[in-house]
Amino acid sequence: MADLTPSTPGSLSIDHLEHTLGVFFVGYMFSMVLYGFTFFQSYMYHSRYPNDLWVLKLVVALLCCFDTAVSVLLSQTLYHYMVELFPYTRGSELATDPFCAQLALAFIAVFVAQLFYAYSVWSTTKNALVSGVIAMFSTVGFVLGMIMSARLFQDPDFSHLAANPSKAIAAVSHSAIAISGLLSFGFLSLNPQPSVFKPLSSPFETFVSYTFSRGGAAFVMQFCLIFVFVGLPGTLYWIPFHVVATKLFVIGAITLLNSRTSSQAGSTRDDHWGSSQATRTIGGSSAGNGAMSGLEFNHKRPIVIEVAQSTQQDMDKIDYDVHTQSRFDAKTDYNR
């Protein structure tokens with residue numbers, strides 16, 4: 001176990017920096033890479049689903065805004081640890097206010113994502129009991145997570161998270177979130193209705209669908225967070241798992257929305273959510289003749305063949321030329 005307090009006042013060893021700032025930097029690096037996926041998926045959603053209901057657009061906007069705010073606050077925290085504390089006469093044993101704020105925003109973002117997963121399970125399976133259990137666990141994780149953030153605001157020493165009741169609050173919060181993610185993944189993956197998901201055409205689409213769209217990677221990372229937090233209390237090793245798990249939950253929810261068929265223009269509207277229809281998919285899973293994420297699809301679209309105005313004008317000109325030539329030939333024969 002790495003001690004967050006430097007052994008020698010006024011100087012920090014390389015080993016101490018590796019177990020504190022180094023760990024935080026690794027988590028920050030992965031979180032920035034995943035933030036790029038969040039931004040891309042949000043852009044794809046607003047580009048392909050302009051006719052979705054405002055509730056769906058609000059969910060995506062909130063997730064993107066929360067994830068952006070978390071990334072900004074993590075950047076400020078890293079700047080404080082690596083620049084303002086230079087030449088590292090003291091360690092990163094104290095949490096900054098921006099870090100505590102991003103912790104709270106991360107719990108809010110995960111809560112929104114898991115509520116959307118709960119509704120997706122209900123609209124897919126029509127099982128209100130399972131959806132209610134998923135929402136209940138996500139709510140418990142959210143409430144205890146906010147309590148954990150508030151306690152860290154009051155007592156910013158990371159090592160105090162290893163002592164009860166802070167340790168118990170954090171462990172139960174992370175566990176509830178993990179159970180909610182596991183249930184969502186299980187019921188979205190083992191749905192008894194074969195028409196819900198379109199058959200996956202390649203191993204890559206299968207990987208993306210189960211890893212991101214249905215939340216497989218998110219709940220696995222959340223369970224890793226629990227094991228690290230409980231097994232190595234008082235260290236910063238849990239931070240990379242925390243930031244990555246948050247990003248994966250956000251990416252998964254948006255990717256699940258992008259896994260539908262969509263159309264930007266001239267689309268019909270979903271009878272249930274008012275969403276647009278089309279043929280292209282993202283994330284390897286989409287609905288075929290059924291409902292996906294609370295959406296029902298109408299694939300009977302009319303085929304419209306439009307003739308360009310310039311082409312029609314050319315045809316008229318050809319008809320005119322042929323008619324003129326015929327009249328000229330007739331006049332010539334008459335004169336003869």
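The values are calculated or read from the model by the stated rules, or taken from the named source; none is laboratory data. None of these values were measured; they are calculated from a predicted model. Heads up, the Cβs are rebuilt from the backbone with ideal geometry, glycines too, and the neighbour counts pull from every protein chain shown.
Going residue by residue through region 210-222, is there one that turns out to be in a helix (DSSP H, G or I), assigned by TED's automatic domain parsing to the domain that holds Phe39 and closer than 20 Å to Ala162 by Cβ? Looking for residues that are in a helix (DSSP H, G or I), assigned by TED's automatic domain parsing to the domain that holds Phe39 and closer than 20 Å to Ala162 by Cβ, one finds at least one in region 210-222, hence yes.
Scanning region 1-15 for residues that are farther than 25 Å from Pro98 by Cβ, of a type outside the set (Gly, Ala, Ser) and either at pLDDT 90 or above or outside any helix (DSSP H, G or I) (or both) gives Met1, Thr8, Pro9. Residue count for region 144-194 under the criterion of being more than 24 Å from Leu248 (Cα to Cα) and not in a helix (DSSP H, G or I): the result is 9. Residues in region 82-98: is at least one in a helix (DSSP H, G or I) and buried (at least 22 other Cβ atoms within 10 Å of the Cβ)? No: zero hits.
Within the bounds of region 134-143, is there any residue that is assigned to a helix (DSSP H, G or I), under 20 Å from the mean Cα position of the chain (by Cα), in the same structural domain as Gly231 (by TED's automatic domain parsing) and surrounded by fewer than 18 Cβ atoms within 10 Å (Cβ to Cβ)?
Yes, region 134-143 has at least one match.
Does region 16-60 hold any residues that are assigned to a helix (DSSP H, G or I), under 30 Å from Pro233 (Cα atoms), touching a residue at least 12 places away in the same chain (Cβ under 8 Å) and over 14 Å from the mean Cα position of the chain (by Cα), and which are they? Once the filter is applied, which keeps residues that are assigned to a helix (DSSP H, G or I), under 30 Å from Pro233 (Cα atoms), touching a residue at least 12 places away in the same chain (Cβ under 8 Å) and over 14 Å from the mean Cα position of the chain (by Cα), region 16-60 yields His16, Leu17, His19, Leu21, Val23, Phe24, Phe25, Val26, Gly27, Tyr28, Phe30.
Checking each residue in region 64-112 for being of a type outside the set (Val, Ile, Thr) and in contact with a Gly (Cβ under 7 Å, 6 or more places away or on another chain) picks out only Phe107.
Scanning region 152-175 for residues that are closer than 16 Å to Glu93 by Cβ and charged (D, E, K, R), we see that the one that is surrounded by the fewest Cβ atoms within 10 Å (Cβ to Cβ) is Asp155.
Assigned to a helix (DSSP H, G or I) and over 21 Å from Asp157 (Cβ atoms): is that true of Tyr117 in this structure?
Working: assigned to a helix (DSSP H, G or I): yes; over 21 Å from Asp157 (Cβ atoms): yes.
Answer is yes for this residue.
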